[in-house]
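To keep things clear, I will list the structure first and then write my remarks on it.
The values are calculated or read from the model by the stated rules, or taken from the named source; none is laboratory data. Being a predicted model, the structure only gives us computed values, none of them experimental. Reconstructed Cβ throughout: ideal geometry from the backbone, glycine too, with neighbour counts over all protein chains shown. Side chains included, ligands, DNA and RNA excluded: accessible areas come from the protein's heavy atoms. Shrake-Rupley method; radii C 1.70, N 1.55, O 1.52, S 1.80 Å.
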Amino acid sequence: MAASVRHLQLTQLSAAGAGDDDDSGDLEDVRLLDAYKNSEENDEGVVGEATMKRIQVGVTGMTCAACSNSVEAALMSVNGVLRASVALLQNKADVVFDPRLVKDEDIKNAIEDAGFEAEILPESSAIGTKPQATMLGQFSIGGMTCAACVNSVEGILRDLPGVKRAVVALATSLGEVEYDPAVISKEDIVNAIEDAGFEGAFVQSSEQDKIVLGVAGIYSEMDVQILGGILSNLKGVRQFHFDRISRELEVLFDPEVIHSRSLVDGVEGGSSGRFKLRVANPYSRMTSKDVEEASNMFRLFISSLFLSVPVFLIRVVCPHIPLIYSLLLWRCGPFQMGDWLKWALVSVVQFVVGKRFYIAAARALRNGSTNMDVLVALGTSASYFYSVCALLYGALTGFWSPTYFETSAMLITFVLLGKYLECLAKGKTSDAIKKLVELAPATATLLIKDKDGRYLGEREIDALLIQPGDTLKVSPGAKLPADGVVAWGSSYVNESMVTGESVPISKEVGSSVIGGTINLHGALHVQATKVGSDTVLSQIISLVETAQMSKAPIQKFADFIASIFVPTVVLLALLTLLGWYAAGALRAYPESWLPENGNYFVFALMFSISVVVIACPCALGLATPTAVMVATGVGANNGVLIKGGDALERAQKIKYVIFDKTGTLTQGKASVTTTKVFSGMDRGEFLKLVASAEASSEHPLAKAIVAYARHFHFFDDSATKDAKSHSKDSEVSGWLFDVAEFSTLPGRGVQCFINEKQILVGNRKLMTESGIDIPDDVEKFVVELEENPLKREAAVVVEGLSKMGIRPVMVTGDNWRTAQAVAKESEIYPFVAVVTNIKCESWQVGIHDVRAEVMPAGKADVVRSFHKDGITVAMVGDGINDSPALAAADVGMAIGAGTDIAIEAANYVLMRNNLEDVITAIDLSRKTFSRIRLNYVFAMAYNVIAIPVAAGVFFPSLGIQLPPWAAGACMALSSVSVVCSSLLLRRYRKPRLTTILEITVE
C-alpha cells in the first residue's frame, strides 16, 4: 500500500526547543527504572546531550566478535554518532547520535555498507514514544479580519504559561504554537483563543507515534484498498503501510489528534467488523525472528547432512559392497561414476548450502577484518578445489591422487550443526526477557463509563491499547494489565514475579498495583496510571535488555583476541603446510606416513586444513556476553535488577559496603513513641506548636510528629468524638497555627515564627547553634528513648557480608547517640561519630565503621574517602539524599521501595525492601565472573591444545592425526560448550544465610 496519506506542514523546531528524544535532566522526569546510561556518557560531557537521539538497529549476518567489532567501527566512523554498542547475541546495535548531523537512514546505510543487513527497530513499547520537552501544535483560528486581530491572538498566546513561541497567519487562519505539554495542554490553548472572542480548534501537532498492527480479514486486493480508504479518512493518521506477506499494518499517527485505541476502533468500525486488528508486541516479533533464524539454520544443516551422507558412504562403506562398488568404478567420460557423484553432491553443499560462509567471509574481508567464516570458507575451499584439481590432473596425466570431497562436505555439515545448536543455546540465554514479556496479559476488561462516571458496560480490549485513566476490571486469579491505583474493591496480590516478594500484598482502595502481577482473591477495579513503556514491567524489561546489550570491561580482552585471531591462525596454517611439506621433501619422515596414493603436499595440506578449521574465535567471543545475559535474567527473576555488564563486573570486586541508616538498615518508618514536656506548658498546646512548625516540612520525622499530634488532638479524651470524621486536609488546615517565615535547616531541623514567637524544632546541633543549653535531665531522658528499629535481617546480613570478606560501613545524618544505638543493635564497630570535624571512637563488636552526623553531600565524600586506596566500594541507600553517594560509589545499590531518584543513580536496583538481596547481588556477580573466567580458560585452552594437535605436533611421537572433518566437528562443538557453560548459571539459587554464617539448623 502506498505510504503517504497526508503530511505535516509545520516549521522545524530549533534544537534548543526540542530534540527527537529529548532526555531532560529534570529530576521530576526520572522514571522508576529508567534505562541506565553508562559512565562513558558522563565522561564525554553533556554538551548538546539534549539534542541527542537514541535508536536500536537490528543487525543480521554477524557470526562472531569480529563481526560485531566491524559494525561498531562502521557506526563510530559516521559523523554525528556519539556512541555505538553492538550486541552479538541479540543481533542489535544501540546507537546514540546527533539528529542534526545524521539521520536514522544514515545509520542503517552505514551498517549495510559494512556488508550486513540492518533494520531500524521500533520502540520497546508497541505504542507511543517519549514525549518531547516542547511540542509544536497547529490551531485553526476563525473570526480574524485584519492584522490587529492577528496581533491580538499572538499576544494572548505568547502570554500563556508554557508557550515558547506563537505565530498566526491571517491568510490561512492558522496558528503555530510551540508549547510545553507538561505546563499547558492543547485544550487550554483552544480555550484561550475562544476566550479572546475567536473560534479555535486543534489541527495537528509535531508529535508522531508508530503502531504495528496484525490485520485479519484481508483476502484480496479490494480489501487492501478498503483498508486504505478507511485509514485515509481517519483524522490524525499521517502515513501507513500494509505488508501483504506478513499481514502487518504500520501506521504513523498524531497522538494529539487520535489515540491508538481510537485508531483500531475506527478501522474495525469502518469495516463493520470485517477487519480485526491486534497490536503486534515488539518483543514477540523479535522472538519470532530468533525462531526463524534457528529454523533456517536447521534446514541448512538437514540439507547439508542429506547431501553429505551419500558422499561419506561412497568413501567409507561402498568399497565393502562389491556390486555397488563396481558401479561406482564404472568410467563415465574422463572420471569414474563415484567421482562424478561426489563432485556433484559436494558442489551443492559447497556453493548452495555453504553460500552463507562465502558471503560472510567476503563481507568481512571487504571491511578489512576477519572472522570464523573466513576460516570455514578457506578450509572447505582448500579441500574442495584440491579435490577438483586432483581429478582434472588425473584425467590429463593418468596419475590419480586421492580426493577429499567428503572433507569439505562434512566440514560444512558439522559447522552448521554447531551453529544450529548455538542458536538454540543462545535462545535459552534470553529466556528471562521472554518470561517477563509473558507476565503481561494479552487482553484487559475495560469498564465503559459516561461523562458523569456512571457505569455503562464493559468490553475486552488489547492490553497494549490501555490508556492512562482507563478503569479496568480485574477478576480473581487474573493478571493486572497495567500499573494503576485501586479504585474499588480489596484483595491480595501476588507480586513475586516482579518484585521477588513471596508474601501476597494486601490491596485496598488507593493502593498502587503493578501490571503483570496476579490478583488472588477479590475483584478489583483499577484505574490505569502508567501504560506502555512507562509501566514497571516494561521498564524492568528495558533495563534487563539494556544490561544484556552492554559490554563488561573483560569483554575487551576477547575483542582484542578476536581482532588478531584469524590472521594468526592462517599464518600458523601456512607454517604447518610449509613445515610438513619441507620436512617431507627433505625426507625427514618416512613415506609410510603418507596416505595411499598420496604425496608430501597432500599430507601437509590435510594438517594445514585441520589447523584452519579447528581454530574457533567464536568461543572467546561468546564467553562473556552469554554469561552476562543469563546473569541479568537470573537477577531479574530474583528481584535484583543489574544495569549492565560493567556494574556486574565491579560488584564482584567489592571490599566495602556502605549502608545508609534510615530506611536501609532501619525500618525507615519514623514514629513518635513518647512525649514529655519539661515546663509548665500544656502538652496539647506544645504538640500543636511543634506540629504547626513541622507541617510545612517533607522530612519523615516531621510527618511522624504531625501524625502523632493530629492523633493526640482528635482522639485524646478531651477531643470531641465527631472530630473523627474530619478529612486529612481539613485536619491540617483547621487546627494548626498560622506559620510565618518558615525555613528548613538541612541536617538540623526547622525554624519559624508563630504568633511572633520563634519556634525551633530540631536536633542537638540546632539547639547548640542557637545558644540553647540542654539540661542533664532532658539529655538523659532523650538518650534512654533513642532507638531505631532495625530491619529483622539487618544484623544477619551485616555478619554475612563480614563472612564474605566484605567490610560493612554505616553512614547517617542522625546524631551520634542514635547511630551508636543502631551500631550496637547490628553489632557494628568501631563507631566513628563526626562532630564538627572531631572524631570520637568507641569500639563495640560488629561492623567496622560508622559515620554519624554526615550531611547528604558528605555521604559522597565518605564514599570517595575509600577510593583513595583503589578499593571497590558499594553504597546501599533508598532516599533522595543518598543519590550523590550512590553515583559516587563504584557500585550503587538502591532499595526498590526507595525514591525514583535514588534508583536512577544506582547500578543495582533491589526490587524488594530486603537487605538479603545485597548479598544476592554480590554473590551472583562473583559466580557470574567465575563462570566467565572458566569460559575463557576453556576457550583459550581449547585453542592452545587443539591447534597443535591439528598441526600434527604429536603425530611423530604418538601417531595422533586429526582429519579435517573431525577438526570441524571439534570447532563446532567448542562454541556450543561455552554457551552451555553459561547456561548453567540458570541453576543459580540465592545463598542461604545459614550457609554463609555456618549455622547448623537442626
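Some observations on this one:
- Close pairs from region 156-169: first of a type in the set (D, E, K, R), partner open to solvent by less than 20 Å² (accessible area, probe 1.4 Å) and in a strand (DSSP E or B), Cβ under 8 Å, at least 6 apart: R158/A166; K164/E178; K164/Y179; R165/V177; R165/E178
- Any hit, region 613-627, residues being open to solvent by less than 10 Å² (accessible area, probe 1.4 Å), outside any helix (DSSP H, G or I), touching a Gly at 6+ places or on another chain (Cβ under 9 Å) and within 30 Å of K435 (Cβ to Cβ): no
- Those residues of region 918-937 which are crowded, with 16+ Cβ neighbours inside 10 Å and either farther than 30 Å from N638 by Cβ or of a type in the set (A, V, I, L, M, F, W, C) (or both), in sequence order: V918, I919, A921, I922, L924, F929, I932, L934
- Restricting F202, F198 to those that are of a type in the set (F, W, Y), surrounded by 14 or more Cβ atoms within 10 Å (Cβ to Cβ) and within 40 Å of the chain's Cα centre (by Cα) reduces the list to F202.
- The set of residues from region 190-242 being assigned to a helix (DSSP H, G or I), closer than 17 Å to P255 by Cα and out of contact with any strand residue (DSSP E or B) (no Cβ under 6 Å at 6 or more places or on another chain) comprises just one member, S232.
- Subset of region 356-392 [closer than 26 Å to D559 by Cα, in a helix (DSSP H, G or I) and not aliphatic (A, V, I, L, M)]: R356, F357, Y358, R363, R366, D373, G379, T380
- Qualifying residue in region 991-1000 (condition: assigned to a loop (DSSP other than H, G, I, E, B) and modelled with pLDDT of 80 or more): yes
- Some residue of region 338-345 being surrounded by 14 or more Cβ atoms within 10 Å (Cβ to Cβ) and touching a Lys or Arg at 6+ places or on another chain (Cβ under 8 Å): yes
- Considering (1) buried (at least 24 other Cβ atoms within 10 Å of the Cβ); (2) over 27 Å from I540 (Cβ atoms); (3) of a type in the set (G, A, S), the lone condition that A631 does not fulfil carries the number (2).
- Residue within region 960-982 that is part of a helix (DSSP H, G or I), open to solvent by 70 Å² or more (accessible area, probe 1.4 Å), at pLDDT 85 or above and under 21 Å from Q652 (Cα atoms) present: no
- Listed by position, the helices (runs of 4 or more DSSP H) enclosed by region 496-601 that each have at least 2 residues that are out of contact with any Asp or Glu (no Cβ under 7 Å at 6 or more places or on another chain) and open to solvent by 60 Å² or more (accessible area, probe 1.4 Å) are 555-585.
- Among the numbered conditions (1) within 25 Å of H711 (Cα to Cα); (2) assigned to a helix (DSSP H, G or I); (3) free of Cβ contacts under 8 Å to residues at least 24 places away in the same chain, the only one that F753 does not meet is (2).
- Where S387 falls short, out of the listed (1) surrounded by 19 or more Cβ atoms within 10 Å (Cβ to Cβ); (2) in contact (Cβ under 8 Å) with a residue 60 or more places away in the chain; (3) more than 35 Å from the chain's Cα centre (by Cα): (2)
- Selection from region 152-183 of residues that are over 14 Å from F139 (Cα atoms) and either among the polar types (S, T, N, Q) or touching a Leu at 6+ places or on another chain (Cβ under 6 Å) (or both): S152
- The residues in region 756-814 that are aliphatic (A, V, I, L, M), surrounded by fewer than 18 Cβ atoms within 10 Å (Cβ to Cβ), at pLDDT 80 or above and within 30 Å of L687 (Cα to Cα) can be counted, and the count is 6.
- Count - residues of region 196-222 that are of a type in the set (D, E, K, R) and free of Cβ contacts under 8 Å to residues at least 12 places away in the same chain: 1
- Verdict on L227 being crowded, with 16+ Cβ neighbours inside 10 Å, touching a Phe, Trp or Tyr at 6+ places or on another chain (Cβ under 8 Å) and not basic (K, R): yes
- Residues being part of a strand (DSSP E or B), touching a Phe, Trp or Tyr at 6+ places or on another chain (Cβ under 8 Å) and closer than 16 Å to E199 by Cβ - total across region 141-176: 4
- The residues listed here are I654, I658; of these, the one that is among the aliphatic types (A, V, I, L, M), part of a loop (DSSP other than H, G, I, E, B) and under 32 Å from the mean Cα position of the chain (by Cα) is I654.
- T397 vs. criteria among the hydroxyl-bearing types (S, T, Y) and in contact with a Ser or Thr (Cβ under 7 Å, 6 or more places away or on another chain): no
- Boolean, N367 is surrounded by 18 or more Cβ atoms within 10 Å (Cβ to Cβ) and touching a Pro at 6+ places or on another chain (Cβ under 8 Å): no
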